[in-house]
Amino acid sequence: MTSLIDNDAHRTEIFDSLPYYDNDLEQNPILRGKVEHELAREPKPPQTLHPRVPPPIELFKDKPGLAAELARVEAHQPLIPLDTIRYQLPAPTSTPGTDEEWQQALKNAQSQLEHQRIRHTNLALLQTYGPNAWRIHNYLLEATAKQAEAALEELKQRTTDVNRERKNSQTRIGNQLTSLENKWTELISSILQIEMANVALDAEVDRLNKKEAELASI
C-alpha cells in the first residue's frame with residue numbers, strides 16, 4: 001500500500017507494504033495466525049457502493065417490449081408461444097352466416113393474402129441481397145471481435161508491465177530496507193559493545209582508585 005503526501009516543496013511517496021518482498025508470514029506461522037485473527041475482527045465491508053461507482057445502466061429504458069423480454073430471459077421463463085389464430089381463416093360461426101360475419105371473414109382473408117404477398121416479397125429481397133448483407137455483417141463482427149481481442153491483449157500486457165514494475169520496485173526498496181536494517185543492527189551492536197567496554201573501564205578505574213587509596217593510606 002502506498003500513500004502520497006503533497007506539500008509546497010516536494011511530493012513524497014510512502015510505502016507501508018511490500019507484498020512482493022515481505023515474507024514474514026511465510027517464515028512465521030504464528031504471525032500468520034495473529035494476522036488472520038485480526039482480519040476476522042475487522043468489520044465487514046459496507047453493502048452500499050462507493051459514491052464514485054457509477055449507477056447501474058438501465059437497459060431499454062425507452063423500449064418496454066425489449067425490457068420485458070430481457071426480464072423474461074433473466075427470470076428463465078419460457079418463451080410465450082406464437083399466436084396462430086391470426087394465420088387462420090375462420091368461417092362464420094352461424095349457419096348460414098350473416099353479412100357482417102362474411103364481411104369480417106372476407107377482410108381477414110384479404111389481410112392474410114396481403115401478408116403472404118409481403119412475405120413473398122421480403123423472401124425475394126432476402127434471397128437477392130441477404131447473402132451479401134450477412135457477409136458484410138459478419139465482416140464487421142469479425143473486425144469488432146479482433147479490435148476487442150487486441151484491446152484485451154494490450155490491457156493484459158499493460159497489467160503485466162505494471163505488476164513487473166511494482167515487483168522490481170518493491171524488490172529494490174526491500175533490499176534497501178534490509179541493508180539499512182542490517183546496518184542499524186551492526187550500529188546497535190557496536191554501541192552495546194562500546195557501552196560494555198565503558199562499564200568495564202569504569203570498573204577498572206574504580207579498582208585502580210581503590211588500590212591507590214589503599215597504597216596512600218599505608
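If you check 133, 109, which single one turns out to be modelled with pLDDT under 90 and open to solvent by less than 60 Å² (accessible area, probe 1.4 Å)? Spell out the reasoning first.
Numbers: 133 fails: modelled with pLDDT under 90.
One residue alone meets the criteria, 109.
Conditions: (1) among the β-branched types (Val, Ile, Thr); (2) surrounded by 10 or more Cβ atoms within 10 Å (Cβ to Cβ); (3) over 30 Å from residue 22 (Cβ atoms). Residue 159 meets all but one. Number of the miss?
It fails just one condition, (3).
Of the residues in the range 61-83, how many are outside any helix (DSSP H, G or I) and within 32 Å of the chain's Cα centre (by Cα)? Spell out the reasoning first.
Our first condition is that a residue be outside any helix (DSSP H, G or I); within the range 61-83, this holds for 61-63, 75-83.
From the residues that got through so far, the ones that are within 32 Å of the chain's Cα centre (by Cα) too are 61-63, 75-77.
Matching residues across the range 61-83 total 6.
Would you mind finding the one in 146, 211 that is open to solvent by 80 Å² or more (accessible area, probe 1.4 Å), at pLDDT 95 or above and in a helix (DSSP H, G or I)?
Testing whether each residue is open to solvent by 80 Å² or more (accessible area, probe 1.4 Å), at pLDDT 95 or above and in a helix (DSSP H, G or I) leaves just 146.
Just need a number here: residues in the range 48-101 that are loosely packed, with under 10 Cβ neighbours inside 10 Å and of a type in the set (D, E, K, R).
Of the residues in that region, 8 qualify.
Within the range 37-47, which residues are part of a helix (DSSP H, G or I) and open to solvent by 100 Å² or more (accessible area, probe 1.4 Å)?
Going through the range 37-47, the residues part of a helix (DSSP H, G or I) turn out to be 37-41.
Once the filter is applied, which keeps residues that are part of a helix (DSSP H, G or I) and open to solvent by 100 Å² or more (accessible area, probe 1.4 Å), the range 37-47 yields 37, 39, 41.
For residue 154, state whether it is over 25 Å from residue 23 (Cα atoms) and open to solvent by less than 90 Å² (accessible area, probe 1.4 Å). So that I can check it myself, show each step before the final result.
Numbers: over 25 Å from residue 23 (Cα atoms): yes; open to solvent by less than 90 Å² (accessible area, probe 1.4 Å): no.
So residue 154 fails the test.
The values are calculated or read from the model by the stated rules, or taken from the named source; none is laboratory data. Being a predicted model, the structure only gives us computed values, none of them experimental. Don't worry about glycine lacking a Cβ; one is built from the backbone with ideal geometry, like all the others, and counts go over all protein chains shown. The accessibility values were calculated without ligands, DNA or RNA, using every heavy atom of the protein model including side chains. Shrake-Rupley method; radii C 1.70, N 1.55, O 1.52, S 1.80 Å.
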